[in-house]
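Trainee: Take a look at the following structure, please.
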Amino acid sequence: KKMYDLTDGKINIAMGSLLGLWHDYREMSLDNPEKAAIPEESMLVKASAHKDIDSIVVDEKAGTVFIKDPEVQIDIGAIGKGYATKIIANKLQEAGLEHGILSVGGDDVLIGDNPASENSYYKIAIQNPDLESPEQVLTTLNVANTSIVTSGDYQRYFDLDGVRYCHIIDPDTLKPAHEIKSVTVIKDDSGLCDFLSTAAFNSTDDEIRGLSEKSDAAIVWVDKDMK
């Protein structure tokens with residue numbers, strides 16, 4: 001809920017019904033490409049009718065969550081993996097691990113520095129979102145003791161009539177984001193990075209710069225024109 005405010009509503013975990021609808025259509029289209037389709041506008045409007053994040057009431061003391069609107073569904077796809085990776089990294093450090101990389105499908109936590117490197121940095125490559133390019137690496141970052149999370153439109157998507165429909169849904173259009181191809185966020189909190197990378201997908205260049213300033217995170221992004 002704090003991230004909802006930080007991102008000006010670019011990420012809303014109360015949009016589970018809409019996200020679930022797109023998930024079902026993506027799976028259907030991948031399983032049967034000849035029957036690939038997107039939801040009708042009326043279906044999108046209906047699925048997004050109940051998305052008020054204030055319907056989610058968190059009682060931190062009791063450790064409970066209550067949903068006032070029974071038709072609101074929670075989806076934590078934008079935060080779950082990054083948060084889980086953060087918890088695992090903390091456990092490893094508590095157990096005595098001083099150096100290492102915890103890599104979980106685009107979510108990387110760099111524990112300590114790299115003792116095998118002269119400059120103490122780990123080299124982390126950002127994948128080129130253009131999968132047809134012979135250059136598989138877009139750029140390489142030298143980092144240590146932080147987290148790097150990348151979201152891209154090339155991982156979970158389906159194509160229909162020459163248009164790519166990725167897994168990140170824009171709450172403003174109710175449709176998959178299409179202005180950004182890849183976002184990488186660098187910050188010590190991989191849960192926050194996960195949230196910001198998804199939010200940036202639904203943002204303009206200026207909004208992404210604003211997210212970077214508000215969160216004190218470094219953000220590298222590639223737009224639809226590969227800039």
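Trainee: Take every Cα pair under 8 Å in the stretch 1-73 that's 6+ residues apart, average their separations, divide by the length, and report that relative contact order as a whole percent. Don't jump to the answer; show the numbers that get you there.
Mentor: Numbers: 69 pairs, mean separation 24.0, N = 73.
Once divided by the residue count of the stretch 1-73, the mean separation gives 33 percent.
Trainee: Report, ordered by chain and residue number, the lysines lying within cross-link reach of Lys46, taken as a straight Cα distance under 25 Å and ignoring same-chain residues fewer than 8 apart.
Mentor: Hits, sequence-local ones excluded: Lys1, Lys10, Lys35, Lys68, Lys175.
Trainee: Further question: Mean residue ellipticity at 222 nm from the helices of the chain, using -39,500 (n - 2.57) per DSSP H segment of n ≥ 4 over the full residue count, to the nearest 500 deg cm²/dmol? It would help to have the intermediate numbers written out before the result.
Mentor: Details: 6 runs with 66 residues, N = 227.
One gets -9000 deg cm²/dmol as the mean residue ellipticity at 222 nm.
Trainee: For the stretch 1-100, what is the Kirkwood estimate of the hydrodynamic radius, computed as the reciprocal of the mean inverse distance between distinct Cα atoms, to one decimal in Å? List each step's numbers first, then the result.
Mentor: On the way: mean 1/r = 0.0617 Å⁻¹.
Final number for the Kirkwood radius of the stretch 1-100 is 16.2 Å.
Trainee: While we're looking at this one, here's another question. At 1.4 Å probe size, what's the solvent-accessible area of Asp108? Round to the nearest 10 Å².
Mentor: Probe radius 1.4 Å; accessible area of Asp108 about 20 Å².
Trainee: Also, I was wondering about something else. Please report, as a whole percent, how much of the solvent-accessible surface of the chain comes from carbon and sulfur atoms (probe radius 1.4 Å). Present the calculation step by step, with values, prior to reporting the outcome.
Mentor: Numbers: 6200 of 12630 Å².
Exposed carbon and sulfur together represent 49 percent of the surface.
Trainee: Another question, if that's okay. How much length would be gained if the chain were fully extended between His178 and Asp8, taking 0.36 nm per residue of separation minus their Cα-Cα distance, in nm to one decimal?
Mentor: Numbers: separation 170, 0.36 × 170 = 61.20 nm, distance 1.89 nm.
Taking His178 through Asp8 to full extension adds about 59.3 nm, to one decimal.
Trainee: Checking a compactness column here: for the stretch 33-77, what do you get for Rg(Cα) / (2.2 N^0.38 Å), N being the number of residues?
Mentor: Details: Rg = 15.3 Å, N = 45, 2.2 N^0.38 = 9.3 Å.
That ratio works out to 1.64.
Trainee: Any idea how far apart Glu94 and Asp223 come out in nm if each label point goes 7 Å out from Cα toward Cβ?
Mentor: 4.4 nm
Trainee: Also, I was wondering about something else. So if I take the alpha carbon set of the stretch 60-177, get Rg, then get Rh from the Kirkwood formula, what is the Rg over Rh ratio? Present the calculation step by step, with values, prior to reporting the outcome.
Mentor: Details: Rg = 18.7 Å, Rh = 17.5 Å.
Taking Rh as the inverse mean 1/r over Cα pairs, Rg/Rh reads 1.07.
Trainee: In addition: Diagonalise the Cα gyration tensor of the stretch 174-222 and give the resulting equivalent ellipsoid semi-axes, square root of 5 times each eigenvalue, largest first, whole Å. If you can, show how the numbers build up before the last one.
Mentor: Values: eigenvalues 59, 26, 16 Å².
The equivalent ellipsoid of the stretch 174-222 has semi-axes of 17, 11, 9 Å.
Trainee: Give me the 1.4 Å probe accessible area per residue for the chain, excluding ligands and nucleic acids, in Å². All intermediate terms of the calculation are to be shown ahead of the outcome.
Mentor: Values: 12630 Å² over 227 residues.
Ligands and nucleic acids excluded, the figure is 56 Å² per residue.
Trainee: A follow-up question, please. Quick one: which of 181-190, 41-50 comes out on top by average Cβ neighbours within 10 Å, and what's the full order, highest first?
Mentor: Values: 181-190: 23.3, 41-50: 14.5.
Sorting 181-190, 41-50 by mean packing, highest first, produces 181-190, 41-50.
Trainee: When all C-alpha to C-alpha distances in the stretch 131-227 are sorted into bins of 5 Å, what percent of pairs does each bin hold, rounded to whole numbers?
Mentor: Spelled out per bin, shortest first, that is 2, 13, 24, 24, 20, 11, 5, 1, 0.
Trainee: Taking 2.2 N^0.38 Å as the expected size of a compact globular protein, what ratio does the Cα radius of gyration of the chain give against it, to two decimals? Numbers along the way, then the final one.
Mentor: Numbers: Rg = 18.6 Å, N = 227, 2.2 N^0.38 = 17.3 Å.
That ratio works out to 1.07.
The values are calculated or read from the model by the stated rules, or taken from the named source; none is laboratory data. Everything numeric here is computed off the predicted structure, so don't read it as measured data. When we count neighbours, we look across all protein chains shown, and the Cβ atoms used for this are built from the backbone with ideal geometry, even at glycine. SASA here: full protein model, heavy atoms, side chains in, ligands and nucleic acids out. Shrake-Rupley method; radii C 1.70, N 1.55, O 1.52, S 1.80 Å.
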